[in-house]
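Single-structure report; data block below.
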Amino acid sequence: MKLRLTNREIRLRLSAAEINDFAVLGRIDEVVYLGVQAGGAFGFSLEAGEYESLFAKFDGTSLCLGVPVDLARRWTSSDLIGIESEQDSGNSRVRILVEKDLGRMSSKLKGRE
């Protein structure tokens, strides 16, 4: 997964293999290790659940994007490239995007030829 963060946007891009894993498991996780000290890791995940809309939550060490189950199924099983929403962060609005990484998908398809 590729995670891109700006002050007003959270963008997550998944490869074809990651989309397949997400479709089967309903969750996909990544961890970036930043050091050996306690709290030296940052995690991010995408999970399908009984949610009303696409949202983001941060617990101090990991970022989770939650997707409604029906929306996750539709996204993983169709040509729909991305899903998005906006979330009120108190002082501003944050745009949340989850996308299929077309660059990583097309290179995979080229390898099959």
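The values are calculated or read from the model by the stated rules, or taken from the named source; none is laboratory data. Model, not experiment: these values are computed from the prediction. We place every Cβ from the backbone using ideal geometry, glycine too, and count neighbours over all the protein chains shown.
Residue-wise test of (1) surrounded by 14 or more Cβ atoms within 10 Å (Cβ to Cβ); (2) out of contact with any Gly (no Cβ under 8 Å at 6 or more places or on another chain); (3) of a type outside the set (Phe, Trp, Tyr); (4) closer than 22 Å to Val94 by Cβ.
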| position | (1), (2), (3), (4) |
| --- | --- |
| Val31 | no, no, yes, no |
| Ser45 | yes, yes, yes, yes |
| Ser53 | no, yes, yes, yes |
| Leu65 | yes, yes, yes, yes |
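Which residues, counting only those in the range 21-51, are in a loop (DSSP other than H, G, I, E, B), small (Gly, Ala, Ser) and without any contact (Cβ under 8 Å) to a residue 40 or more places away in the chain? Selection gives Gly35, Ala38, Gly39, Gly40. State whether one or more residues within the range 62-69 are farther than 20 Å from Glu9 by Cα, hydrophobic (A, V, I, L, M, F, W, C) and assigned to a helix (DSSP H, G or I). Yes, some residue in the range 62-69 is farther than 20 Å from Glu9 by Cα, hydrophobic (A, V, I, L, M, F, W, C) and assigned to a helix (DSSP H, G or I). Residue pairs whose Cβ atoms lie under 9 Å apart, separated by 6 or more positions or on different chains, with the first residue in the range 72-93 and closer than 17 Å to Leu12 by Cα and the second surrounded by 13 or more Cβ atoms within 10 Å (Cβ to Cβ) and hydroxyl-bearing (Ser, Thr, Tyr), are Ser85/Ser53; Gln87/Ser53. Annotation note: Cβ proximity below 6 Å between a residue of the range 1-20 that is assigned to a strand (DSSP E or B) and a residue that is at pLDDT 95 or above and surrounded by fewer than 13 Cβ atoms within 10 Å (Cβ to Cβ) (sequence gap 6+ or interchain) occurs for Arg11/Arg4.
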